[in-house]
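Every number in this text was worked out from the coordinates using simple rules, so none of it is lab data. Values in this document were obtained by computation on a predicted structure and should not be read as measured data. Cβ placement follows ideal geometry from the backbone for every residue including glycine, while neighbour counts extend to all protein chains displayed.
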Amino acid sequence: MKTQIANLVNGSQLQVGTNHAERAAVANKVLAENPTTMTISIRGQVIDLTRSQSLSGKSVCYVGSLPLEVYTSMFGTFGLPKKNPSASIMIDGDLRVTIRTNSRKMFFNTINNSEITIC
């Protein structure tokens, strides 16, 4: 079974997050196990993410298209444009998960890592 990110906690003003050393150790394992792509499950949907990285390889993220039914089950229609709505999911190199829409406004949500299962 692949290394999971569900136990990592994103910090906020009201909550202490997973410490940097532990997050970095888990991130190194996840990045090594998924050199080009990552398959995840979120709310019962399986999604393939493609790895993107800088030339040096220090900045890494995984990006993929998020089905609208998953987006709307989490956030409703908030942030979706009326014409041709779409959403994407991105997992950064530090394993923070964000969901974005194709709205003209810069709109994204950071979600809890417990929503994600790496397949």
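A few points about this structure:
- For the Cα trace of the chain, dividing Rg by the Kirkwood Rh returns an Rg/Rh value of 0.96.
- Relative contact order [Cα under 8 Å, 6+ residues apart], the chain, whole percent: 29
- Based on DSSP H segments of at least four residues, each scored -39500 (n - 2.57), the chain has a per-residue ellipticity at 222 nm of -5500 deg cm²/dmol.
- Reference-scaled alpha-carbon Rg (2.2 N^0.38 Å with N residues) for the stretch 65-119: 1.11
- Lysine pair count for the chain (Cα-Cα distance under 19 Å; residues 8 or more apart in sequence or on different chains): 4.
- Cβ-to-Cβ counts within 10 Å put CYS119, CYS61 in ascending order as CYS119, CYS61, the fewest first.
- 3J(HN,Hα) along the stretch 98-103, derived from phi through the Karplus expression 6.51 cos²θ - 1.76 cosθ + 1.60 where θ = phi - 60°, amounts to 10, 10, 10, 10, 8, 5 Hz, with x in place of Gly and Pro.
- Net charge over other residues, Cβ less than 10 angstrom from the Cβ of ARG43 (K, R count +1; D, E count -1): -2
- Local net charge near ILE99, Cβ-Cβ under 12 Å (Lys/Arg +1, Asp/Glu -1): +2
- Here's how it looks for LEU66: its modeled amide H is under 5 Å from those of ALA87, SER88, ILE89, which are all 5 or more places away or on a different chain.
- The 3J(HN,Hα) values that the Karplus relation (6.51, -1.76, 1.60; θ = phi - 60°) gives for the stretch 44-50 are, in residue order, x, 9, 9, 10, 9, 10, 9 Hz. Gly and Pro appear as x.
- For the stretch 32-61 and the stretch 82-119, distance of Cα centres in Å: 13
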